[in-house]
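*Asks:* Structure incoming, see below.
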Amino acid sequence: MKRLMYFAISVAFASGCEAQAVRGLADVSIIDRDSGAVLDTHYYHGEYWVAGRPGGRYAIEIHNHLGERLLAVTSVDGVNVVSGETAAWDQSGYVFSPGDRYQITGWRKSDAEVAAFTFTDLANSYAARTGRPANVGVIGVAVFRERQPPTVEQPLVGGLNSGRSDAARAAESAPMSPPSASALAAPPPRAKLGTGHGEREYSYVDHTEFLRLQKQPNQVIRIHYDSLDNLFAMGIVTRPRLGTPVPDPFPGSRDQHYVPDPAG
């Protein structure tokens, strides 16, 4: 039996990012790396959206809160963040031990280096520069549970190996679905955001073996992104209403105040 190899997490990060996470078998958050803030998620017509800041660096934080290992095959703009292939479920990903939390900060270049994720215009996105602009603006995490080792009483029969049929491989190789038509009904007035191939950064990983419980992911988490102005234009985010100012008869003078009485 041929086991497939995946990247394993070497460092787990601890941060209080649960509030804005898209929850599932693993929780997924998008982090503004320049401020450390978790980007707000907006639920619109069955899809999750975040507002990216043009030029800003970001990370995809994944938290495995189950008591078992998980594999997260992760894509940005329809491109696998580990291999650079057009994203499909049967590709390489990150393996999370129980309780692990990790920030994927860029396109993996080696076991020790990534090129940072940066919000940029569509034409400068890595997907567009490699001839694949169709799925720019979406982050996907396909989560797989692990097949447990067989016991003596119940030996493993068959199992995952490389001998899949052409039809099964074609089905698994289908790219993640694009945004729903209803969410994209109103075209944004400005250039759409994509993810650029930023500066090289140190990021160390190891390799491990992982046998998937099944061929299709147990869950797919999908988060769309664009600029805040475009989210306003599409009606995903509502502009805050400013309160009506109260006229001041003496705007050039401040009221005089004295020490107030204590309560009670």
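*Asks:* Grab the other residues whose beta carbon is less than 10 angstrom from that of Tyr204, score K and R as +1, D and E as -1, and report the net. Before the final figure, lay out each step's value.
*Replies:* On the way: positive: none; negative: Asp111, Glu113, Asp206.
Once all neighbours under 10 Å are counted, the net charge is -3.
*Asks:* Continuing with the same structure: Grab the alpha carbons of region 23-99, take their convex hull, and tell me the volume per residue in Å³.
*Replies:* Convex hull volume per residue, Cα atoms: 120 Å³.
*Asks:* For Asn124 and Arg241, calculate 0.36 nm times their separation in residues minus their Cα-Cα distance, and state this gained length in nm to one decimal.
*Replies:* Once the chain is fully extended between Asn124 and Arg241, it gains 38.7 nm.
*Asks:* If you count only protein heavy atoms with a 1.4 Å probe, what accessible area per residue comes out for region 21-83, rounded to a whole Å²?
*Replies:* 34
*Asks:* What's the carbon and sulfur percent of region 76-155's accessible surface, probe 1.4 angstrom, rounded to a whole number?
*Replies:* Taking all protein chains in place, region 76-155 shows 48 percent carbon and sulfur surface.
*Asks:* At 7 Å along Cα-to-Cβ for each site, give me the label-to-label distance between Asp248 and Asp261 in nm.
*Replies:* Output for this residue pair reads 2.8 nm.
The values are calculated or read from the model by the stated rules, or taken from the named source; none is laboratory data. Bear in mind that the values here come from a model prediction, so they are computed numbers and not experimental data. Note that each Cβ is placed from the backbone with ideal geometry, even for glycine, and that neighbours are counted across all protein chains shown. Just the protein is used for accessible areas: all its heavy atoms, side chains included, with ligands, DNA and RNA removed. Shrake-Rupley method; radii C 1.70, N 1.55, O 1.52, S 1.80 Å.
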